[in-house]
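Below: one structure, written as structure tokens.
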Amino acid sequence: MSSKPGSVRHSLVVLGTAAVATEVLLALADGAAAAATGLALITAVALALGRYAAGAAAQDSGHRRPVRLLDSRAPALGGWRRIVAKTLADDGEAHLATVMRPQLQRLFAARLAERHGVAMYRDPRRARALVGAELWPWIDPETTAPRPTLPEPVLRSLLDRLEAL
């Protein structure tokens, strides 16, 4: 039975092979005492890694997966004021497409993942049901915004919905 590179089985086989090879080299180079010390160290590391992998949800309450959905840092409050002001300005078309909409999508993705366990990019149908059909086109990652500018009432509705989720 072969395992694909990158799979858990493949990784375990490679690590196991490296551990056995290390033990053999320690035994040949420095004797039984070095081999026993190496075995104890390898066992301790294996147990720690196994505990980390098996108990990941217990250690961080399951926040790893949702956090991985976020691929950038959130802007500070001052940054948000600037983003909103530029987006609501008369020439805010480019700013909406390149800054505001991706930030809103990121915030909605985080909230949906955190509170509802929904991956917005992988399950847009469930995300749309939670966000609402009237607001979804503004954050839908698969389409462009319904209008080139974001009206202030729509932005307020989006932020209200984000808080309500």
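The values are calculated or read from the model by the stated rules, or taken from the named source; none is laboratory data. Model, not experiment: these values are computed from the prediction. Positions of Cβ are backbone-derived with ideal geometry, glycine not excepted, and every protein chain shown enters the neighbour counts. These area figures cover heavy atoms from the full protein model, side chains too; ligands, DNA and RNA do not enter into them. Shrake-Rupley method; radii C 1.70, N 1.55, O 1.52, S 1.80 Å.
Could you count how many residues in the stretch 139-164 are closer than 15 Å to residue 107 by Cα and either small (Gly, Ala, Ser) or open to solvent by 80 Å² or more (accessible area, probe 1.4 Å) (or both)? So the count comes out to 5.
If you go through the stretch 119-138 and keep only what is part of a helix (DSSP H, G or I) and either among the aliphatic types (A, V, I, L, M) or under 13 Å from residue 104 (Cβ atoms) (or both), you end up with 127, 129, 130, 131, 136, 137, 138. Residue pairs whose Cβ atoms lie under 8 Å apart, sitting 6 or more positions apart in sequence or on different chains, and linking a residue in the stretch 139-165 that is outside any loop (DSSP other than H, G, I, E, B) to a partner that is of a type in the set (Phe, Trp, Tyr), are 139/108; 154/138; 158/138; 162/108. Of the residues making up the stretch 107-118, just one is open to solvent by 30 Å² or more (accessible area, probe 1.4 Å) and outside any helix (DSSP H, G or I), namely 117.
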